[in-house]
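Below is one structure, written out as structure tokens; comments come after it.
The values are calculated or read from the model by the stated rules, or taken from the named source; none is laboratory data. A quick note: this is a predicted structure, and the numbers were derived from the prediction, not measured. Every residue, glycine among them, receives a Cβ derived from its backbone with ideal geometry; neighbour counts consider all protein chains shown. We work out accessible area using only protein heavy atoms, side chains counted, and drop any ligands, DNA or RNA first. Shrake-Rupley method; radii C 1.70, N 1.55, O 1.52, S 1.80 Å.
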Amino acid sequence: MNMTGNNAVSEVEIPVTDGQLNILATEGKDGTVFSLSALEITKVSEPRRTRVFIGGDSITTTYYPLEVTAPLEAGYQGGWGQMLQNYIPDSFYVHNFATGGQFAKGFLESGQFEAVENLMQEGDYFIVGFGINDQNYSNEDEFKAAMTEMTERVKAKGGTPIIITTEGRLFDFNSDGVFYKPDRWYKSISKQIAEDEDICYIDLHDISSAYFTAIGQEDTTKLYWINWSGEQDTLHPNREGAGQMARLVAEDLIRQEFSEFISDKLPIYGASDDITLKASGMYDVNRIDLQNLKPSVQTVSFVINSYDENGCLTGCRLDERELPAFDVLNPAAKTELVLDGVDENSRVYIFKDGEFMSMNATSFHGYSVPFERAQELFTDYVVPSPIPTTEAKENQS
């Protein structure tokens, strides 16, 4: 458990496997005052929940205070690991071992991974992602060796290891408004390890880059932390940004057919070709559920065409609605709209960003997941041109 901040309070479920509970409190950062003022132990009678253990660094760790009622305030730092519980079923228990400044070899050798391994039982999950600090305190070979060893030991315990990459820096926007930095923080090595070990790989870097590109630089800035000096941090997310990253992680688990992560906390309905808007299929003829995934208010227009019994167009009108910003503390919140003058002979289109999305009264439109959008956006970045063979070079000369 990583405890930071004044009057920090946290809780954790710990299985007692040998008849006794041992707790070790250690000092924190050099030169800082620390104390443990109270410890409350409560026996839990409910059946053990499936664990989702997380290993990572300052992008993922838990920050305090835990309970924040105004997550949009940029001064509240956050890690996606602490927000993940809001997006997955309550049958899971997230145990976040991520620590600021940590790297793969350090996590393996400092005792943190050993704690994960000791607590892990068959059927549990371990999501692990490093790379930011590894370039300062380690190297590529040590990174690969540590990540590989951890995934293999998790598999040996009957757990499911998942390798994840890290979101980029705020200044990764290029002149075309695309947010992307090829192969940040050992990204390609992480992917290779996942392929070699035949395990799940969540490319949060590409997925979040696609999302940031979609919402633009102004809204992306709202998701990064304003530090204690009032300066804009370009690496760490605030609580709102951490919540968005947790949403993307949960959605990608579902995309990769981990159906056990589906719950009513995270609506899976969607609108075609859009990663900032979710929309249900029309039901009761004239009602539609919408969810704005941006950190700001979004205006959506509806074009409603009416037809007679012969299929001839009899009328066309425009309806416009404002959708509130996405709430990371209540990710299931949605806006229910009732469109007047819509019947079974009507066809409704969502008109957004210059494009139409058909919402037939009986149709369902799948959410265009950020992974698919990332594939479209970044293929040219992540797939280099083949290296010419000697024969090809001769032909070119």
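Points to keep in mind about this one:
- Matching residues, region 79-93, being touching a residue at least 40 places away in the same chain (Cβ under 8 Å) and farther than 12 Å from THR60 by Cα: ASN86, TYR87, ILE88, PRO89, ASP90, SER91, PHE92, TYR93
- Scanning region 186-210 for residues that are surrounded by fewer than 23 Cβ atoms within 10 Å (Cβ to Cβ) and of a type in the set (Phe, Trp, Tyr) yields one hit, TYR201.
- Flag if TYR76 is open to solvent by 40 Å² or more (accessible area, probe 1.4 Å) and in contact (Cβ under 8 Å) with a residue 60 or more places away in the chain: yes
- Highlighted here are the helices (runs of 4 or more DSSP H) found entirely within region 167-282 that include at least 1 residues which are more than 30 Å from LYS155 (Cβ to Cβ): 204-221, 239-255.
- The set of residues in region 211-243 that are farther than 16 Å from ASP57 by Cβ, surrounded by 24 or more Cβ atoms within 10 Å (Cβ to Cβ) and touching a Pro at 6+ places or on another chain (Cβ under 7 Å) comprises TYR211, LEU223, ARG239, GLU240, GLY243.
- The listed residue being at pLDDT 95 or above, within 26 Å of THR221 (Cα to Cα) and not polar (S, T, N, Q), out of GLY100, GLY81: GLY81
- Any chance ARG255 is open to solvent by 20 Å² or more (accessible area, probe 1.4 Å) and either closer than 13 Å to ILE275 by Cβ or in contact with a Gly (Cβ under 6 Å, 6 or more places away or on another chain) (or both): yes
- Restricting region 106-137 to residues that are among the β-branched types (Val, Ile, Thr) and in a strand (DSSP E or B) leaves a set whose member that is farthest from PHE258 (Cα to Cα) is VAL128.
- Residue within region 94-116 that is more than 17 Å from the chain's Cα centre (by Cα), within 24 Å of THR234 (Cα to Cα), of a type in the set (A, V, I, L, M) and open to solvent by less than 10 Å² (accessible area, probe 1.4 Å) present: yes
- Number of the exception - GLY177 against (1) open to solvent by 10 Å² or more (accessible area, probe 1.4 Å); (2) over 30 Å from GLU231 (Cβ atoms); (3) touching a residue at least 40 places away in the same chain (Cβ under 8 Å); (4) among the small types (Gly, Ala, Ser): (2)
- Scanning region 84-105 for residues that are under 25 Å from ARG247 (Cα atoms) and assigned to a helix (DSSP H, G or I) gives LEU84, GLN85, ASN86, TYR87, ALA104.
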